[in-house]
Amino acid sequence: MRKQIVALLLLALVSTVSLASAIEIQKDVRYEPGFVEWTMAQEEHLFVEGLNAGEAILQRARPDAAVGSFTTDVTNGPVTVFNIDSDPIQNPINSNITMQVYFSVTIGPGTATSCTRQQPVRDSSTTLYYTVSTGGNIVYESSVNHVVDKTTQNSAMPFEGEIKNIILNMSKGDVFTLDLQIEHKCAATRATVHWGGFEQNSGGIEMFGTLSEPTASVYVDQQHRAHIEFEPTIAWGSSDVTEVGWEIWGPLAWDEKYVNDVDLLVETSSTNVLMERDLGENRTVWVWAASERVPLGDSNVQICVTLIGGDPNEDCHAYGIIRFEVERPDEGYANAAIWLSLTTFVSFIGYFLFLFRSGIVLPPPILGAMFVLTLLFIPTAFDQINLGAENIQQDSRIVDRSLQNSAGEEYSISQLMEGKDAVIVGVILPGSVNAQDQAAEFNYTHGKMPERISIVQIVAGPDASMRDVAFYEDQLNVSWPILYDDGNLLTASFPSGVADAVFVIDPSMHIAYATASSAGSKEYTDAINTIDNGGSHGVATYFTLLFGPGLFLLLLALPRTNWQPPEQAIAPGLLWFSTIASSAAAILTINLIPLILTLLPISSNLNFYLNILMFIWMFEMSFFAAKNGSPYEVKIIAKQIHKLFPKGFSEWRELEDMERDVLIGAWFGWFGWLAFPSLIQQGVGASILSGGFGILYGIGFLFGIVLMGGLAVLCLRWIAAIGGPFSRLFGKFGSEVFAEFVGWCLVPVSIWAIVNSIIAASRFGLV
């Protein structure tokens, strides 16, 4: 008894440990992106159908209600009923399965009416002999022997062969061959072998196991839309598939294999159009381009496949789960808000120490004002792009690359732009139904303005090829070129990235309109009609800077001295005009070189190098502002403008005051370049390049923008002077300190912008 108790305790301990381990293993199950699982129906059939032995075929589809048969009298040994082949398999089979062959038999009366009553006097049995071959090799043999007394189809006796384990190794093109023989010994009767019809009379080969699995994949484009590909890599290929349906579920927790919460159902195949995609080498996949954006995080594509020979009571004969992840946009190597905020505080401490070591002790009010200046710069730091982030603005300038059609002919956006007001671009991924929607609207738009626009559709994607281009050329049959973006270097420069999208490109090679998937003709027409009048930009753009960088520049605008009336009479408003003109001249200077390069007949790709050079220039100005309080360019511009005013005014208003206007205007120009890099190039350049009234509008728009920028500086001056004596006090003692400190703050920003420009150019293969 004691030994029994000890044994039971040990068994309980082992069971407890095993159960705990199982629970822990289950707890730690994690479903990572890339997880794929297929659950296949284990029962496979090849059915025999045909009214007689001469018409008998071996097929995957379930037979209809018509019953086929073969009748024989008493035989002298086995008699062949038929030797039939299945359709060739389309994909290899390498599997361990069980196999069984089955038919049914009845007897018909002759002079005798029963086989049972003839026993045991003589052998009155009926035998069916089954042989299955694959690739010319016998894989299954069995014989079934019964004494049959069944006389009607509805009560036919089943002749089920032995269930055998076999190994199937079949190559593409191999067939299943079924050989059926009968030996009938019941005297004075006839035997009939039945097949087809319903289950009572059906005949064929039954297999248990997984012959093969389909293949599916999902690609999520940069607009977070799923592109699903299904390849019927099952034994008999696409002919075996009657229906494919899918659902997207998400987001999922890491330990959730699947969910059934309807709130997490993103999209189904019921609202999507199936497309076929030729992969070459006699491979065709079925493709769906989903329309709904998939949420961030892990999601599933759950695929239900119905097979032609599958159990009609089952919804899915193949059920697949594909796990994938929608990642957040690339936020770069370093966060601009964090690092540039830190550099601003470092600049504050560094500049303070620099002055202290130079023997300059700042009064507490000035030091406090400089700290306020530091805080006011933080919003500007937050507005900068993270280092290395893929942040392409809606009105950005595109990369101009040579693309090819299926015939090897080369095109570029700049070539298509020649003599036109705009180029409409459609980006399509392989197998996307959006290609047809795009083409329909493009064709309608071209009919309304055939002389003004060029059209192109570009095939892109991670596995796109020239074969996809040829497919779309044949399917769409359009008059415009369909091109292949090898390496996605062009489409990567679009705001949507590599995804189905449409764009309108203006003559300055900037994007005038962009949207995902497709758009209507009205949207294209409206965008084209606004190109020659500045597009989406307005003349008051610089005013928006007053509530951002303008606050940072507020201390630079403080008056340094009490206002004294001029000794000689001057024109009314001349003081205000001098502030507007000098700051506007600085804004124009910052933007003049990019504008000229936009108007010149040179490659738009130079713009990416120009960005690098522009920010190097910004660094130079920031460096010398930090060193001297004012860059050399500002001094030169201020001196030249100061000379243009009447002598009496020039003697009254000091050069230093006008230099401060130019300095504020220059920083406004650079902040505008950071916030609206395409403002002048697109708003002015595209208008001028469009010709006609666009030239006049572009010139007027240019002066409108810079003058409104000058007016913004004047407003800043007014705001800074509101404090009266208090403002003048800070302006008198902190003017130079504030000017130098602005340079200290902008040096890190300019370096940051230089590095980002180099990274962007390298991303597009230009560096």
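The values are calculated or read from the model by the stated rules, or taken from the named source; none is laboratory data. Note that the structure is predicted; figures quoted are calculated from it, not measured. Note: ideal-geometry Cβ built from the backbone for every residue, glycine included; neighbour counts use all protein chains shown.
Residue-wise test of (1) of a type in the set (Gly, Ala, Ser); (2) out of contact with any Leu (no Cβ under 8 Å at 6 or more places or on another chain); (3) under 23 Å from Ile705 (Cα atoms).
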{"site": "Ile587", "(1), (2), (3)": "no, yes, yes"}
{"site": "Leu600", "(1), (2), (3)": "no, yes, yes"}
{"site": "Asn628", "(1), (2), (3)": "no, yes, no"}
{"site": "Ile637", "(1), (2), (3)": "no, yes, yes"}
{"site": "Phe649", "(1), (2), (3)": "no, no, no"}
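Does Asp221 count as farther than 30 Å from Val498 by Cβ, of a type in the set (Asp, Glu) and crowded, with 20+ Cβ neighbours inside 10 Å?
no
Restricted to the range 337-361, and to residues that are among the small types (Gly, Ala, Ser) and more than 50 Å from the chain's Cα centre (by Cα), which residue is farthest from Phe382 (Cα to Cα)?
Among residues in the range 337-361 that are among the small types (Gly, Ala, Ser) and more than 50 Å from the chain's Cα centre (by Cα), the one farthest from Phe382 (Cα to Cα) is Gly359.
Restricting to the range 376-422, count the residues that are among the aliphatic types (A, V, I, L, M), assigned to a strand (DSSP E or B) and either assigned by TED's automatic domain parsing to the domain that holds Trp480 or more than 18 Å from Glu331 (Cα to Cα) (or both).
Total satisfying the criteria: 2.
Within the range 303-313, restricting attention to residues that are surrounded by fewer than 21 Cβ atoms within 10 Å (Cβ to Cβ) and in a strand (DSSP E or B), which residue is nearest to the chain's Cα centre (by Cα)?
Per the stated criteria, the residue is Cys304.
Take Ala289 and decide whether it is assigned to a strand (DSSP E or B), of a type outside the set (S, T, N, Q) and buried (at least 19 other Cβ atoms within 10 Å of the Cβ).
Criteria met by Ala289.
Please state which of the following conditions Asn300 fails to meet, knowing it meets all the rest: (1) surrounded by 16 or more Cβ atoms within 10 Å (Cβ to Cβ); (2) free of Cβ contacts under 8 Å to residues at least 60 places away in the same chain; (3) in contact with a Gly (Cβ under 6 Å, 6 or more places away or on another chain).
(3)
Answer with yes or no whether Thr544 is farther than 22 Å from Leu696 by Cβ and of a type in the set (Val, Ile, Thr).
It is true that Thr544 is farther than 22 Å from Leu696 by Cβ and of a type in the set (Val, Ile, Thr).
If only one of Thr525, Thr541, Thr579 is farther than 22 Å from Ile637 by Cα, in the same structural domain as Phe703 (by TED's automatic domain parsing) and of a type in the set (S, T, N, Q), which one is it?
That would be Thr541, the only listed residue that is farther than 22 Å from Ile637 by Cα, in the same structural domain as Phe703 (by TED's automatic domain parsing) and of a type in the set (S, T, N, Q).
Conditions (1) acidic (Asp, Glu); (2) buried (at least 20 other Cβ atoms within 10 Å of the Cβ); (3) touching a residue at least 60 places away in the same chain (Cβ under 8 Å), marked per residue:
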position: Pro365; (1), (2), (3): no, no, yes
position: Pro379; (1), (2), (3): no, no, yes
position: Asp395; (1), (2), (3): yes, yes, yes
position: Leu403; (1), (2), (3): no, yes, yes
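Out of curiosity, is Ala625 in the same structural domain as Pro748 (by TED's automatic domain parsing), crowded, with 18+ Cβ neighbours inside 10 Å, touching a residue at least 40 places away in the same chain (Cβ under 8 Å) and out of contact with any Lys or Arg (no Cβ under 9 Å at 6 or more places or on another chain)?
Yes, satisfied.
Return the residue satisfying two criteria in turn: it lies in the range 314-336 and is under 20 Å from the mean Cα position of the chain (by Cα) and buried (at least 18 other Cβ atoms within 10 Å of the Cβ), and of such residues it is farthest from Phe35 (Cα to Cα).
Val326
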